[in-house]
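So the structure is just underneath, and the comments pick up after that.
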Amino acid sequence: MTETNKKLKELAYQSIADAEKIVVNDPYRMHYHLMPPVGLLNDPNGFVYFKGQYHIFFQWNPFATNHDTKFWGHYVSDDLVHWQPAPIALAPDQWFDKNGCYSGSAIVHENKLILFYTGNVRNEDGDRKTYQCMAVSSDGITFDKKGPVIYLPEGYTAHFRDPKVFERNGSWHMVLGAQTLADKGEVVLYRSGDLKNWTFLGPLAGSNHNGLDDFGYMWECPDLFELDNQDILIVSPQGLKADGYLFNNIYQAGYFSGTVDYDKTAYQHGAFTELDRGFDFYAPQTTLNNKGRRLLFAWMGNAEEDEDMHPTTNYSWMHALTIPRELKWENGRLLQHPVEELKQLRGNRHDYSDVTVKEQDIQLDGVNGNVFELNLTIKEWDAQEFSIQIGQDTYLIYSDNTFTLQRKSLTDSTKMESRHCLLKSLENILIFKDTSSIEVFINHGEEVFTSRLYDDPSENIVTFNANGNVVIDVQKWDLKKVSK
């Protein structure tokens, strides 16, 4: 460990200690989500299963709730539910990462945990250089930096980052998010036989490739994997223009599906589909666990949009990760399901069958609170509109084949803001509510809405209403507190 590394980590741990009493007293501190101990969290990194445990790393500024200095924070879990903080994995202490250890991934090879990340460097004029770097650990806790393994190729700006490494056809491959000199977003592909020497194979997908028109000026956080004979490319494009209900956030996160030819560096794929339709979802990353499940975490946030308006900044922290989700490919689309392990959180349960919701507000005894799981099955539908009010200022509305999440605006508390998607029908709504977040899974993961919420914590009533006649079954569980 260098002296700079030691000093940076000491300062980070001191920042945690100094803010501990402030952070834990925040009424918006969540109960079962992963959050930073202090400062700002953004992208999930290095999600991996190693020696019987799950590891998740995260972009982290321990000193402020902004996007300055970036470390890799680290949590470890046996079950995806109960997470323990691990020592800081990476600190920006070397010439190749002195201005930030940016996002990346992890693999297990020869009984070692190997991290790949982007080293960010800026000179006095603000000019950026970027390096793809490697760090190795035998125990999954202490990492030895090996330095850059990939330098910037010709034809690209220094916005060249977020390596995701995987094995395919007997070779190691890496996808990277990139920006061309013409300011077009791409995902590029590399190949290696030893993880140290990498061959640039060229662009795999991006603006003006594979039938796409101009599709953003930068593609971040790519993740390429096979699921049920489909090659899925998850990516976060920047610079997409809003199109009706599509692309309504500042940046987007979604996927393509198709077939990759690794010998020809070619990807035949369909249209881009957003993974989440809420306000706060970006930079998702997946891993394959020991049972062959494809699991996903994402950042429950989005870029630097209105970040200073989050009330958690008054308590020295900001942002969280989503709950872990399992991905499945069904009927030509990617579905998301909360992982089964989250059932461990369930406490008190309330069940109601054949509840008729008509043109009046209905509240059910025990179906309330700030932290819960709520499952609704639509059994009969003869209505123009069905709505659920959660707390004071959050609404879920289905009307005219449109599902809407409406919340109080972060920038103007007197206004509401909405996100939408189209549905052929409404069959099921599964809601995970935490103190300051909501994750809504519609029709068994067909669509998902993820958002932070900063409603009055004392307003915890759940109200059902219908313009017409709707019959529902209701299951509600209180959820246990496991986060700090």
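The values are calculated or read from the model by the stated rules, or taken from the named source; none is laboratory data. Small disclaimer: the values here were computed from a predicted structure and weren't measured. Note that we place each Cβ from the backbone using ideal geometry, even for glycine, and neighbour counts take in every protein chain shown.
List of remarks:
- If you check Ala64, Ala17 for being assigned to a helix (DSSP H, G or I), at negative phi and surrounded by fewer than 18 Cβ atoms within 10 Å (Cβ to Cβ), only one passes: Ala17.
- Residue count for region 294-310 satisfying the condition of being surrounded by 15 or more Cβ atoms within 10 Å (Cβ to Cβ) and either of a type in the set (Gly, Ala, Ser) or over 15 Å from His67 (Cβ atoms) (or both): 8.
- Looking only at region 324-352, and only at residues there that are closer than 16 Å to Phe372 by Cα and among the hydrophobic types (A, V, I, L, M, F, W, C), the one that is surrounded by the most Cβ atoms within 10 Å (Cβ to Cβ): Leu345
Let's see how each residue does on (1) in contact (Cβ under 8 Å) with a residue 40 or more places away in the chain; (2) acidic (Asp, Glu); (3) within 23 Å of Leu430 (Cβ to Cβ):
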site	(1), (2), (3)
Trp299	yes, no, yes
Glu304	yes, yes, no
Pro324	yes, no, yes
Gly347	yes, no, yes
Asp351	yes, yes, yes
Phe372	yes, no, yes
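- Condition met for Asp261 (under 21 Å from Trp329 (Cα atoms) and of a type outside the set (A, V, I, L, M, F, W, C)): yes
- Of all residues in region 151-179 being over 14 Å from Ile114 (Cβ atoms) and among the β-branched types (Val, Ile, Thr), the one that is surrounded by the fewest Cβ atoms within 10 Å (Cβ to Cβ): Thr157
- Some residue of region 463-479 being modelled with pLDDT of 95 or more and within 22 Å of the chain's Cα centre (by Cα): yes
- In the set (1) crowded, with 20+ Cβ neighbours inside 10 Å; (2) within 25 Å of Ala298 (Cα to Cα), the condition left unmet by Phe464 is number (2).
- Of the strands (runs of 3 or more DSSP E) contained entirely in region 260-371, those carrying at least 1 residues that are in contact with a helix residue (DSSP H, G or I) (Cβ under 9 Å, 6 or more places away or on another chain) and either modelled with pLDDT of 95 or more or in the same structural domain as Val440 (by TED's automatic domain parsing) (or both) fall at 325-330.
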